[in-house]
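Enquirer: Pasting in a structure now, in structure tokens, and then I'll have a few things to ask.
The values are calculated or read from the model by the stated rules, or taken from the named source; none is laboratory data. Quick caveat: nothing in here was measured; it's all calculated off a predicted structure. Ideal geometry is used to build each Cβ from the backbone, glycine not excepted, and the neighbour counts take in all protein chains shown.
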Amino acid sequence: MTNNYVGNAAVYLITTIFMMYMTLVMLRFLLQLARADFHNPLSQFVVKATNPPLKLLRRGIPSIAGIDTASVVLLFALQMLMIWLISIANAQTISLVGMMVLSVAELLSLLLNVYLVAIIALIVLSWIGPKTYNPIVNLIFSLAEPVMRPARRVLPPISGIDLSPILVFLAMNLIKILLIAPIADLGRSLA
């Protein structure tokens, strides 16, 4: 019974540490895709926190079509390492193929969660101070705008009220149900 408590504590620590760092790497990847302002203090923090491993990976992994493939490789490697460490903490074995498929599902889920938080932050900021300038607000706007722009084309603001976040949330939940959940189930069955 003591091992169960130790295993749970280990899983909690592994998950927390890895998810915090993977979120930073995902933010860096998405901010580069969105061509966000990297002179922003938050951007500088993200760059400094993720630079050491990415500098090493970029020596051998070039960018492809403007996509930072080193960040993608780092995210995939960190996710696989996290799954492997959790399986060790739970005294389970997991196959490499199962880990790879689960990693894809988890990274897609992380991607959607980052966008979800960014859109919720935009909604809250639009209520609190819609006309105030803050560098973090610009960064959040840069991050969320590539997702929000197509939704605004489909559902433009009605009488000054922007309902497009609802459309984005619906699409995100459908992606989780129809794409990510089957991939995760496949990964678990292969594990």
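Enquirer: Listed residues M82, M100; which is of a type outside the set (D, E, K, R), under 27 Å from Y5 (Cβ atoms) and assigned to a helix (DSSP H, G or I)?
Expert: None of the other options fit; the residue is M82.
Enquirer: While we're looking at this one, here's another question. Kindly indicate the residue of the stretch 41-62 that is among the basic types (K, R) and more than 26 Å from I140 (Cβ to Cβ) and also farthest from the chain's Cα centre (by Cα) among those meeting that condition.
Expert: Applying the first criterion (among the basic types (K, R)) to the stretch 41-62 yields 48, 55, 58-59.
From what's left, more than 26 Å from I140 (Cβ to Cβ): 55, 58-59.
On the way: K55: 20, R58: 20, R59: 24 Å.
It comes out as R59.
Enquirer: Could you go through the stretch 147-154 and let me know if any residue there is farther than 25 Å from V25 by Cβ and in contact (Cβ under 8 Å) with a residue 40 or more places away in the chain.
Expert: No; the residues of the stretch 147-154 include none that is farther than 25 Å from V25 by Cβ and in contact (Cβ under 8 Å) with a residue 40 or more places away in the chain.
Enquirer: Just need a number here: residues in the stretch 1-52 that are loosely packed, with under 14 Cβ neighbours inside 10 Å, at pLDDT below 95 and β-branched (V, I, T).
Expert: So the answer is 2.
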